[in-house]
Amino acid sequence: MIKINAAPLYHRHRFPSDVIAQAVWLYFRFPLSLRMVEDLLAERGITVSHQTVRAWAEKFGRHFAADIRRRSMGQFAAKWHLDEVVITMSGKKHWLWRAVDQDGFAIDVLVQSRRNATAAKRLMRKLLKRQGSVPRVMITDKLRSYGAAKREIMPGVEHRSHKGLNNRAENSHQPTRQRERVMKKFKSPGHLQRFLSIHDPIANLFHLPRHEMPSTEFREMRSLAIQTWRDIAQVEAA
């Protein structure tokens, strides 16, 4: 007997909402390929193609990520770390610009073809538009484009330019590198932008500084994150 989807979000979808939500969670929560998610579902007796998993990830992932962003609006710390890293796609270099707060939560990303002041300005404008406020401190590496952009976009913000202070932002690129290997490189700038705009908010929801809290508190925070995910995905606990 096929379970009927009660939530309007899943209307007209053949598979139950908990199966769809589980597939989307697996794909964005862990460094798995679409075919790996297909195999994990198959182990549970659920026959679904990796193309269907891709369609679910794009459709429902956008919805879930947007909900998480709404819930986190105004909750990022006042110290922002900005960094850029090169990503090669189809033999051409592009630059992934990312901003994270002092606790390691990803604020936003922007894929661009340039690594200059104009590109830095675009990132800062996007950050201010999304967040609606300026940070207290902005930390970057030694790239001079940040200073030029900050003087125009956020003139009153304190700017610390030092490579040794920006490990937080540099480490934030590691999950992207993992995905790059699993996916055998991203296909295009649009593909990378779409993926990270979903991946990073979901990663934020489950970003728990385990080494900074007792195990009991960590388990409580993890349970809260899981329950929040279920609320966002509109599914009941198993």
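The values are calculated or read from the model by the stated rules, or taken from the named source; none is laboratory data. This is a predicted model, so every value here is computed, not measured. When we count neighbours, we look across all protein chains shown, and the Cβ atoms used for this are built from the backbone with ideal geometry, even at glycine.
Could you give every pair whose Cβ atoms fall below 6 Å, whose first residue belongs to region 162-186 and is in contact (Cβ under 8 Å) with a residue 40 or more places away in the chain, and whose second residue is among the hydroxyl-bearing types (Ser, Thr, Tyr) and assigned to a loop (DSSP other than H, G, I, E, B), counting only separations of at least 6 or pairs across chains?
182/33
Would you kindly identify the helices (runs of 4 or more DSSP H) lying entirely within region 170-238 that contain at least 3 residues that are farther than 27 Å from residue 141 by Cα?
Details: elements: 174-182, 189-205, 215-233.
Because the criterion is at least 3 residues that are farther than 27 Å from residue 141 by Cα, the helices (runs of 4 or more DSSP H) in region 170-238 that meet it are 215-233.
So, in region 22-76, of the ones that are touching a residue at least 40 places away in the same chain (Cβ under 8 Å) and not in a helix (DSSP H, G or I), which residue ends up nearest to the chain's Cα centre (by Cα)?
Ranking the qualifying residues of region 22-76, first place goes to 31.
Within the group 29, 54, 98, 14, which residue is in the same structural domain as residue 225 (by TED's automatic domain parsing), among the basic types (Lys, Arg) and closer than 30 Å to residue 140 by Cα? Write out each step before concluding.
Details: 54 fails: closer than 30 Å to residue 140 by Cα; 98 fails: in the same structural domain as residue 225 (by TED's automatic domain parsing); 14 fails: closer than 30 Å to residue 140 by Cα.
Exactly one of 29, 54, 98, 14 is in the same structural domain as residue 225 (by TED's automatic domain parsing), among the basic types (Lys, Arg) and closer than 30 Å to residue 140 by Cα, namely 29.
Can you name every residue in region 149-159 that is over 27 Å from the mean Cα position of the chain (by Cα) and not acidic (Asp, Glu)?
Result: 151, 155, 156.
Confirm whether residue 168 is out of contact with any Lys or Arg (no Cβ under 8 Å at 6 or more places or on another chain), crowded, with 16+ Cβ neighbours inside 10 Å and within 23 Å of residue 115 (Cα to Cα).
Details: out of contact with any Lys or Arg (no Cβ under 8 Å at 6 or more places or on another chain): yes; crowded, with 16+ Cβ neighbours inside 10 Å: yes; within 23 Å of residue 115 (Cα to Cα): yes.
Against the criterion (out of contact with any Lys or Arg (no Cβ under 8 Å at 6 or more places or on another chain), crowded, with 16+ Cβ neighbours inside 10 Å and within 23 Å of residue 115 (Cα to Cα)), residue 168 qualifies.
Can you tell me which of 141, 83 is buried (at least 21 other Cβ atoms within 10 Å of the Cβ) and at pLDDT below 95?
Details: 141 fails: buried (at least 21 other Cβ atoms within 10 Å of the Cβ).
83 is the lone residue from the list that is buried (at least 21 other Cβ atoms within 10 Å of the Cβ) and at pLDDT below 95.
Just the residues that are of a type in the set (Lys, Arg) and either assigned to a loop (DSSP other than H, G, I, E, B) or more than 20 Å from residue 147 (Cα to Cα) (or both), please, taken from region 78-105.
To start, the set of residues in region 78-105 that are of a type in the set (Lys, Arg) comprises 79, 92-93, 98.
Those that are of a type in the set (Lys, Arg) and either assigned to a loop (DSSP other than H, G, I, E, B) or more than 20 Å from residue 147 (Cα to Cα) (or both): 92, 93.
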